[in-house]
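Take a look at the structure below.
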Amino acid sequence: ATDSPGRDRNPIQNITALGDIGRLKLSNRIVMRIEVERNRPPSHLLREASFNLYRTKRWMAVDARFEPLTPVSDGRTWDLAAGRIGSYLEISTRLQKGAGVLSLPLGAVRIENLPAERLERNSFGAVRVHGGPGVVRYRVLCGPGAARDASPGPGDRLLPPSEASAVRQIVDRLGLNAVNPVEAAKRLNDFFQRDFTYSLDLEGSGWGQTPVENFLTRSRRGHCELFATAAVLILRAAGIPARYASGYLMHEFSRLEGAYIVRARHGHAWVLAYIDGAWRDVDPTPASWPQHEQAAAPLMEPLYDLVRWAGFRISRWRWMEREGGIPGWAIWLAVPLGVLV
């Protein structure tokens, strides 16, 4: 069955450390299954949390208190933002003891078919659920230009003194102060794609250097946490408000299931940059990183996935039976099928 992502990390907390996502990349567990409209997702980045303050290898969400959302009359529909709906996706996952943080694209407008006692949202876009069932399958409606994040504040422009010199050197080298924010983000992305390499190892600091300084000036290799952290600080040094975002990348499509499957190792970090009056996803990590991680997958992974898929179907049928969607006897018909598979 789909495992609970909360088993390895707790994005409900307003703090994350460099290396937290790296530990997720050691696991091949499936944490979500996602069906998309006409196989065209509104975004491949599914965010769980955003952070604005970086200090000593840690990102924190400062002044990001959670506020309750009011459901629509059916108790299963939750409006997140005003906006025109253009696409949707269906997400199946587990909630650990009925609670967890939802994975949502930046343009999420509404959540449907999510029974819960309470949903809360903070000003940095994180949405958490309490009192939900163990297995959920909710629909996310998305729209262009939809925003549920607070406008930039002073914390979205801060540079830690220990990294200021290294990131300003990159700003000067790329001429980011002399171009508009769209071009600045493009130049920064091109810089990382061209001159840096992806690595599953999170290297330590060099002598007298912070991890970001070492990444930018010496090693030029690392995984998404370093790329995202460095990019946030560089954009801020160029005068562009930016935040650190964490969640998952949706890219692995399963022909067996007819859906995207998201594994723990697909945990990802990227940048939210405030460009042309809106928060926008900017992903500076080299685009080849999923292929690097797939190469490290176990040879028996297809067999494991087959067993997981059978378990997921049985769990889903059991939940539908409790909801009154199918008769109880139908579940037992699935057991011989699972054994046969």
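Tabulated values for the structure
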{"item": "Residue match in the range 85-95 (condition: touching a residue at least 60 places away in the same chain (Cβ under 8 Å), aliphatic (A, V, I, L, M) and not in a strand (DSSP E or B))", "result": "yes"}
{"item": "Residue check for Gly125: part of a strand (DSSP E or B), surrounded by 21 or more Cβ atoms within 10 Å (Cβ to Cβ) and modelled with pLDDT of 90 or more", "result": "no"}
{"item": "Number of positions in the range 215-264 that are outside any helix (DSSP H, G or I), modelled with pLDDT of 95 or more and among the basic types (Lys, Arg)", "result": "1"}
{"item": "Leading residue by the ranking (least open to solvent (accessible area, probe 1.4 Å)) among those in the range 219-250 that are basic (Lys, Arg) and under 15 Å from Asn189 (Cα atoms)", "result": "Arg236"}
{"item": "Hits in the range 128-156 - residues which are at pLDDT below 95 and in a helix (DSSP H, G or I)", "result": "Pro154, Gly155"}
{"item": "Test: residue in the range 188-205 that is at pLDDT below 90, farther than 21 Å from Tyr54 by Cα, open to solvent by less than 40 Å² (accessible area, probe 1.4 Å) and hydrophobic (A, V, I, L, M, F, W, C)", "result": "no"}
{"item": "Long-range neighbours under 7 Å by Cβ, at least six apart or interchain, first residue under 13 Å from Arg173 (Cα atoms) and among the aliphatic types (A, V, I, L, M) within the range 183-194, second assigned to a helix (DSSP H, G or I) and open to solvent by 10 Å² or more (accessible area, probe 1.4 Å)", "result": "Leu188/Leu174"}
{"item": "Some residue of the range 20-37 being modelled with pLDDT under 75, of a type in the set (A, V, I, L, M) and in contact with a strand residue (DSSP E or B) (Cβ under 8 Å, 6 or more places away or on another chain)", "result": "yes"}
{"item": "Scope the range 110-122; condition assigned to a strand (DSSP E or B) and either in contact (Cβ under 8 Å) with a residue 40 or more places away in the chain or surrounded by fewer than 22 Cβ atoms within 10 Å (Cβ to Cβ) (or both); matching residues", "result": "Arg110, Glu112, Arg118, Leu119, Glu120, Arg121, Asn122"}
{"item": "Selection from the range 251-269 of residues that are among the hydrophobic types (A, V, I, L, M, F, W, C) and surrounded by fewer than 24 Cβ atoms within 10 Å (Cβ to Cβ)", "result": "Phe253, Leu256, Ala259, Ile261, Ala264"}
{"item": "Leading residue by the ranking (nearest to the chain's Cα centre (by Cα)) among those in the range 55-106 that are of a type in the set (Asp, Glu) and loosely packed, with under 13 Cβ neighbours inside 10 Å", "result": "Glu67"}
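The values are calculated or read from the model by the stated rules, or taken from the named source; none is laboratory data. Note that this is a predicted model, so its numbers are computed, not measured. Methodologically, a virtual Cβ is constructed for each residue, glycine included, from the backbone with ideal geometry; neighbour enumeration extends over all protein chains shown. With ligands, DNA and RNA removed, areas are computed over all heavy atoms of the protein, side chains included. Shrake-Rupley method; radii C 1.70, N 1.55, O 1.52, S 1.80 Å.
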